[in-house]
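Report on the structure given below.
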Amino acid sequence: MTHLKNKLYQKIQEHRPRINKLVKEHGDKVIDQVTISQVIQGMRDIKCLVTDISYLDPQEGIRYRGYTLPEVFEKLPKPAGAEMPYVEALWYLLLTGDIPTQEEMKEVLIDFNNRRVIPHYVWEVIDAFPEGSHPMAILSAAVMVLERESQFNIRYQEGMSKMDYWDSTYEDSTNLLAKMPLIGAYIYNKLYNKGRGKVYPNPSLDFGANFAYMMGKDKPYDDVSRMYFIIHADHESGNVSAHTGHLVASALSDIYYATSAMINGLAGPLHGLANQEVLRWIQGLKEQMGGKVPSKEEMRKYVWDTLQSGQVIPGYGHAVLRKTDPRYSVQRDFCLKYLPNDELFQLVSMLYDVVPDVLLEQGKAKNPWPNVDAQSGVVQWFYGVTEYDFYTVLFSIGRAIGVLANITWDRALGYSLERPKSLTTDMLEAKASAK
Ligand code: CMX
């Protein structure tokens, strides 16, 4: 057993009695009540999920295992000469709650490296996709076709004990995570980088650097990739992608089914696809301006026109956050350091000065501040990844880290099949008119 897996096992053993005690001794304690509008309007804020991987505070933003994003970037070990930490170190942190040492990372890096093998049928499935297919549909199918490799499924058929579910889920999860950057880079090269042909992974490189290498990007795109995958990894359990992954896995569907489903959820424009929508929307503004830089007044009008045509402003608002998303701030700081004079960055900065006031004036959005997606395209665009249809694939690779850490723990703690109760409209109306 590797050091990481052994440590995870120890943590699981320590944690199991806490869950048993909560259920057996305090199972009937009330922690929330549910209103009619919560039931009709997307179950906002109902406290009905549990995860120890991350927590999202509306004011402060995300913490991974108790650490803010700046703390994560500061504390996790980094490759020599890099500014951003190993993505593999985040996997270690999310699984165990501990910051790995450089020494502990050595084995994790080798383990990931050994799992970077893609069966040929995955390439065939990707190659068979018709022209015009969205990269997210291709990614979802590529993950899905890997399902035949699931160790969980094989061991389930053999009659594995519930207590061991976490083990093969951990193996499947690490296998898939190690492969996802290769699949993502292949999709990119096939769709947009046709001259590049088939690229094999470089075994001397970590998760982020190997992704940059396979994409054909020079430094600092390795750090850009590490930053990108780390900030997108988790956002507690209730968001569409994380919740979908958890829900599908709760039926004991293996992690390939669950991850493909989470990718499908992320592909919606109100969720992950918003990062692509931000770029599409800004290109619309640039076209309208005929290449001229818009004044604040012209930008304000563009924002109002979008709202008045019944569309949302992509990259703004959030179901939980009530402040500027720290994932936005991390990327903004990166831009201020590396690309302060970039035209797109300046447009996005100008939007920051305009959009919140307009949304406040309109008075609908509960959070007028930018979310992660308002900034992420800028960095990618600057480093030459201008095909914005691809951005949500990058988000998916990052999000898989959190979703898979969660599912591994779901299995370890024996979380139940998810099955909330539904009511009819008649029943809600009866409740509404009851004294
Ligand atoms: N532009 C215009 N209207 C907005 C808005 C925005 N950016 N954000 C919220 N609103 C509107 C909602 O559409 C809703 O309108 P209706 O009452 O007509 O339905 C109203 O304000 C209240 O919504 P809310 O409670 O503030 O926000 P929700 O929790 O319902 O939705 C979200 C959250 C993210 C879907 C929404 O803010 C939005 O559509 N934002 C733009 C898309 C986006 O950036 N999504 C990415 C989020 C981050 C991620 O998951 O990656």
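The values are calculated or read from the model by the stated rules, or taken from the named source; none is laboratory data. Everything numeric in this text was worked out from a predicted model, so none of it was measured. Glycine gets a Cβ as well: all are built from the backbone with ideal geometry, and neighbour counts include every protein chain shown.
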Go through (1) outside any helix (DSSP H, G or I); (2) surrounded by fewer than 21 Cβ atoms within 10 Å (Cβ to Cβ) for residue 190 and report which single condition fails.
(1)
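From 403, 348, grab the single residue that is within 16 Å of the ligand (Cβ to nearest atom) and either without any contact (Cβ under 8 Å) to a residue 12 or more places away in the chain or touching a Ser or Thr at 6+ places or on another chain (Cβ under 8 Å) (or both).
Of the residues listed, the single one that is within 16 Å of the ligand (Cβ to nearest atom) and either without any contact (Cβ under 8 Å) to a residue 12 or more places away in the chain or touching a Ser or Thr at 6+ places or on another chain (Cβ under 8 Å) (or both) is 403.
Take residue 241 and decide whether it is assigned to a loop (DSSP other than H, G, I, E, B), within 16 Å of the ligand (Cβ to nearest atom) and within 19 Å of residue 373 (Cα to Cα).
Working: assigned to a loop (DSSP other than H, G, I, E, B): no; within 16 Å of the ligand (Cβ to nearest atom): yes; within 19 Å of residue 373 (Cα to Cα): yes.
In short, no.
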Considering every residue within region 263-280, establish whether at least one is in a helix (DSSP H, G or I), more than 10 Å from the ligand (Cβ to nearest atom) and over 18 Å from residue 398 (Cβ atoms).
yes
Looking only at region 281-294, decide whether some residue is under 17 Å from residue 367 (Cα atoms) and within 11 Å of the ligand (Cβ to nearest atom).
no
Taking the condition under 27 Å from residue 166 (Cα atoms) and modelled with pLDDT of 95 or more, does residue 43 pass?
no
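Kindly evaluate residue 156 against the criterion of being in the same structural domain as residue 4 (by TED's automatic domain parsing), closer than 21 Å to residue 417 by Cα and either aromatic (Phe, Trp, Tyr) or free of Cβ contacts under 8 Å to residues at least 40 places away in the same chain (or both).
Numbers: in the same structural domain as residue 4 (by TED's automatic domain parsing): yes; closer than 21 Å to residue 417 by Cα: yes; either aromatic (Phe, Trp, Tyr) or free of Cβ contacts under 8 Å to residues at least 40 places away in the same chain (or both): yes.
Answer is yes for this residue.
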For residues that are more than 9 Å from the ligand (Cβ to nearest atom) and within 16 Å of the chain's Cα centre (by Cα), tally how many sit in region 359-375.
1
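Are there any helices (runs of 4 or more DSSP H) wholly within region 1-115 with 3 or more residues that are surrounded by 12 or more Cβ atoms within 10 Å (Cβ to Cβ), touching a Pro at 6+ places or on another chain (Cβ under 8 Å) and among the hydrophobic types (A, V, I, L, M, F, W, C), and if so which? Show your work before the answer.
Working: elements: 3-26, 36-40, 69-75, 87-96, 102-114.
Filter on region 1-115 gives 69-75.
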Would you mention how many residues in region 15-46 are more than 16 Å from the ligand (Cβ to nearest atom) and not hydrophobic (A, V, I, L, M, F, W, C)?
14
Scan region 221-242 and tell me whether some residue there is in contact with an Asp or Glu (Cβ under 7 Å, 6 or more places away or on another chain) and either at pLDDT below 95 or surrounded by fewer than 22 Cβ atoms within 10 Å (Cβ to Cβ) (or both).
yes
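Among the residues of region 290-305, is any hydroxyl-bearing (Ser, Thr, Tyr) and outside any loop (DSSP other than H, G, I, E, B)?
Initial filter on region 290-305 (hydroxyl-bearing (Ser, Thr, Tyr)): 295, 302.
Those left that are additionally outside any loop (DSSP other than H, G, I, E, B): 302.
Yes.
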Exactly one condition in (1) within 30 Å of residue 41 (Cβ to Cβ); (2) of a type in the set (Gly, Ala, Ser); (3) out of contact with any strand residue (DSSP E or B) (no Cβ under 7 Å at 6 or more places or on another chain); (4) not assigned by TED's automatic domain parsing to the domain that holds residue 216 is not met by residue 349; state its number.
(1)
